[in-house]
1. Please go through region A:159-176 and pick out each residue that is within 18 Å of A:V300 (Cβ to Cβ) and either in a helix (DSSP H, G or I) or not assigned by TED's automatic domain parsing to the domain that holds A:G313 (or both).
2. Consider region A:1-32. How many of its residues are outside any loop (DSSP other than H, G, I, E, B) and more than 12 Å from chain B (Cβ to nearest Cβ)?
3. Condition first: of a type outside the set (A, V, I, L, M, F, W, C), outside any helix (DSSP H, G or I) and surrounded by fewer than 17 Cβ atoms within 10 Å (Cβ to Cβ). Can you find one or more residues in region B:434-442 that meet it?
4. Are any of the residues in region B:110-126 under 18 Å from the mean Cα position of the chain (by Cα), closer than 16 Å to B:P72 by Cβ and touching a residue at least 24 places away in the same chain (Cβ under 8 Å)?
5. In region B:37-68, how many are part of a loop (DSSP other than H, G, I, E, B) and surrounded by fewer than 23 Cβ atoms within 10 Å (Cβ to Cβ)?
6. Being under 30 Å from B:V323 (Cα atoms) and in contact with a strand residue (DSSP E or B) (Cβ under 7 Å, 6 or more places away or on another chain) is the filter here, so list the residues in region B:400-422 that pass it.
7. How many residues does region B:33-49 contain that are under 23 Å from B:M188 (Cβ atoms) and within 7 Å of chain A (Cβ to nearest Cβ)?
8. Can you tell me which residue in region A:101-120 is surrounded by the most Cβ atoms within 10 Å (Cβ to Cβ), limited to those that are more than 8 Å from chain B (Cβ to nearest Cβ) and assigned to a loop (DSSP other than H, G, I, E, B)?
There are 2 protein chains.
Amino acid sequence: MRLSRYFLPILKETPKEAEIVSHRLMLRAGMIRQQSAGIYSWLPFGKAVLEKVEQIVREEQNRAGAQEVLMPTIQSADLWMESGRYDDYGQEMLRITDRHERQMLYGPTNEEMITDIFRSYVRSYRELPLNLYHIQWKFRDEVRPRFGVMRGREFLMKDAYSFDIDQESARHAYNRMFVAYLRTFRRMGLTAIPMRAETGPIGGDLSHEFIILASTGESAVYCDKDLLDLPIPGEDTDFLSDLSPIVTEWTSKYAATDDMHDAAAFEKLPEDRQVAARGIEIGHIFYFGTKYSEPMGAKVAGPDGVERPVHMGSYGVGVSRLVGAVIEASHDDAGIIWPQSLSPFDVGLINLKPGDHQTDMACEALYQRLETAGVSVLYDDLDQRAGAKFAAMDLIGLPWQMIVGPRGLANDEVEVKHRATGERQTLTLDAAVNRLVEACCG
Amino acid sequence: MRLSRYFLPILKETPKEAEIVSHRLMLRAGMIRQQSAGIYSWLPFGKAVLEKVEQIVREEQNRAGAQEVLMPTIQSADLWMESGRYDDYGQEMLRITDRHERQMLYGPTNEEMITDIFRSYVRSYRELPLNLYHIQWKFRDEVRPRFGVMRGREFLMKDAYSFDIDQESARHAYNRMFVAYLRTFRRMGLTAIPMRAETGPIGGDLSHEFIILASTGESAVYCDKDLLDLPIPGEDTDFLSDLSPIVTEWTSKYAATDDMHDAAAFEKLPEDRQVAARGIEIGHIFYFGTKYSEPMGAKVAGPDGVERPVHMGSYGVGVSRLVGAVIEASHDDAGIIWPQSLSPFDVGLINLKPGDHQTDMACEALYQRLETAGVSVLYDDLDQRAGAKFAAMDLIGLPWQMIVGPRGLANDEVEVKHRATGERQTLTLDAAVNRLVEACCG
């Protein structure tokens with residue numbers, strides 16, 4: 001993509017309304033624009049990152065055996081009256097009356113609707129286990145939306161729902177999502193720690209939040225330092241096998257959010273392993289048994305022919321929130337530092353002297369060579385001074401930069417910069433192309 | 001995917017509420033479930049088709065130089081007051097009051113919001129041409145939603161918006177979308193005919209609807225038969241070149257919707273070229289000049305330094321509607337006939353005798369061979385009678401079927417069936433695999 005044709009409205013000034021770094025950087029890098037309080041448009045660069053996050057979430061859900069559906073944003077209030085949550089949910093629920101005076105709402109979550117889908121079709125334990133997920137916009141009418149996409153009103157969430165014949169099978173379903181989450185977040189360059197958590201309005205008796213540590217985190221968290229180095233289950237994980245050893249390994253070490261913190265237990269850890277920090281919640285999983293299936297009549301016949309309510313769990317990932325969370329975890333004074341898995345382009349190719357025939361020719365050739373080799377390139381062909389180009393490229397945080405100017409070209413050389421480490425190398429054109437192809441497609 | 005693990009709730013009975021064939025077939029094939037009037041959940045098979053439609057639309061928008069953004073579903077009413085459309089839109093607009101008593105609405109379209117984005121960032125003609133699109137859920141509170149996803153209330157639409165310095169450039173932008181639409185619909189196996197149309201509430205003085213012919217179409221349409229055989233611009237179309245010859249070729253032959261029909265002109269055609277039929281609208285493009293940019297102050301400086309309002313167009317594709325439209329255009333008494341480009345799986349592999357060791361082994365091996373070769377397979381491993389299996393596979397309409405039973409296997413043979421033509425061939429296992437790999441990946 002040529003920058004001269006790319007809609008990337010970079011802001012020179014730091015927007016006053018932004019209180020935290022991810023919000024500031026997303027606005028400055030032309031990723032989002034606020035349309036109303038807590039409601040954002042995603043501009044091309046932001047949309048591209050959001051899609052990468054979504055795709056990683058999708059791949060890991062599919063790998064774990066969940067199946068993708070898509071439920072609508074607008075729900076009938078009737079379903080929520082059936083479950084008994086309509087009045088509980090308070091003002092956070094955006095209530096709507098349609099032209100025929102029917103009570104509707106913009107879904108803040110989908111336990112009721114998925115239970116309704118389930119009860120309409122599934123009759124027998126033979127059709128279980130079942131896990132259905134969707135990635136859809138939700139709305140929660142926060143009193144005071146803030147922190148950009150980290151606490152917006154309209155937000156993109158992945159929510160999965162598992163259905164099992166009994167508690168033991170439901171526990172396996174829970175474990176599959178637990179492991180899928182470990183993999184999902186690591187693929188985004190994050191170290192997410194599962195912590196026992198309160199179940200809140202979803203209900204249930206077993207729940208973990210997945211939390212990343214960041215100084216700007218919304219809540220205090222406590223954990224055993226050993227958790228930061230635990231290995232993540234590999235791509236070859238068999239999700240049909242018993243995953244409880246993995247879950248046990250992750251849950252037997254101390255980790256708790258503020259609500260669930262047990263200071264006495266925490267202090268029994270050797271002092272150098274006591275991590276007290278701030279955390280950002282990026283996922284939350286629940287087992288809640290028959291809380292919805294019972295009132296809503298979602299039953300299946302067991303092997304004995306007797307009908308019983310299904311055991312359910314729900315599993316959320318804050319997809320749009322993750323874009324902010326990754327930035328909170330990965331930035332420096334100059335801007336964002338994307339992990340390669342989420343970056344819309346692998347390389348920013350900087351033409352230091354647009355209009356200079358030789359430099360233009362060299363840049364065009366490099367652009368084509370890299371793209372042909374499968375490296376995606378944002379080619380800065382704008383007529384601007386070098387300083388502004390460097391600042392913009394650092395701000396948007398692509399993993400690699402290739403800097404091309406007439407002086408280097410005289411020696412058949414360009415500069416390659418690695419955004420995360422700041423390391424720069426002067427290389428011949430061929431060596432530079434090889435270096436980037438290896439780094440990005442290797 | 002194994003059918004025993006796939007959530008594909010096929011209905012045996014034809015749902016009473018469905019008036020048209022696409023609605024009936026989508027319900028029967030377990031693609032969608034109605035949640036409220038005109039509001040649907042997309043089950044895994046339906047969701048997979050929807051995603052294929054979306055991806056083709058996206059690829060052709062990108063090819064034509066449009067850039068993807070994502071605007072929110074909930075908009076502030078203020079923007080619509082600025083453009084003057086807030087009161088015009090009537091009861092079809094879903095109006096919402098948030099907890100702070102602010103007037104909001106669920107966007108039925110996005111001209112206002114995109115104009116707001118444009119005016120916030122773009123100042124100079126040098127940043128033009130610009131075309132931004134998104135694929136997002138919309139809501140129109142139809143008095144009487146019907147025909148399944150063909151006229152729902154919550155529906156998925158691709159809407160693109162072009163910005164140009166003057167009418168002539170805007171015309172080029174219009175032509176790019178015109179050509180992109182021809183390509184988009186053909187890739188879905190459709191013959192879509194652009195017809196001059198009324199501009200309705202969007203406004204403007206140039207507009208084409210893209211219409212496919214179908215006996216169940218919602219409106220009468222008239223066109224020159226020659227249009228049905230015009231070649232579609234190829235993948236190598238240069239969207240930076242002058243596309244007006246293509247557009248002229250398509251627009252110089254008679255084609256009009258009922259509203260714009262000129263019977264005298266139509267009757268001048270030779271009788272065997274007069275096509276009077278029913279049509280389904282699947283896309284609609286508009287040029288409306290400065291209708292929004294003027295009241296909303298979206299101006300850019302021209303080469304002379306003088307500011308002027310930008311010329312705009314908007315370009316819609318009914319993404320969720322297309323799923324129904326394709327079925328209207330491609331089905332038979334037995335069910336849906338998917339074009340390969342939209343089918344969630346290439347091949348349905350039917351095991352005629354699950355539980356029979358030899359047949360199970362052969363099916364497993366074929367399943368693996370096909371998947372490894374890049375052919376996506378839905379493997380019917382269910383313990384059901386053959387008739388039910390054949391009916392279900394015909395109903396869901398995958399392009400190919402491979403039928404495997406003990407009798408054929410005794411001669412190292414299986415049957416391959418082409419869904420569209422009904423043609424069946426008995427082939428050796430190797431020949432059958434080669435045939436399908438060639439057909440699906442060739």
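1. Answer for region A:159-176, where residues must be within 18 Å of A:V300 (Cβ to Cβ) and either in a helix (DSSP H, G or I) or not assigned by TED's automatic domain parsing to the domain that holds A:G313 (or both): A:Q167, A:E168, A:S169, A:A170, A:R171, A:H172, A:A173.
2. 7
3. Yes, region B:434-442 contains a residue that is of a type outside the set (A, V, I, L, M, F, W, C), outside any helix (DSSP H, G or I) and surrounded by fewer than 17 Cβ atoms within 10 Å (Cβ to Cβ).
4. No - not one qualifying residue is present in region B:110-126.
5. 2
6. Initial filter on region B:400-422 (under 30 Å from B:V323 (Cα atoms)): B:400-403, B:415-422.
Those that are under 30 Å from B:V323 (Cα atoms) and in contact with a strand residue (DSSP E or B) (Cβ under 7 Å, 6 or more places away or on another chain): B:W400, B:Q401, B:M402, B:I403, B:E415, B:V416, B:K417, B:H418, B:R419.
7. 6
8. Result: A:N110.
The values are calculated or read from the model by the stated rules, or taken from the named source; none is laboratory data. All of these numbers come straight from a predicted model, not from anything done at the bench. Cβ sites come from the backbone with ideal geometry, for glycine too, and all protein chains shown count toward neighbours.
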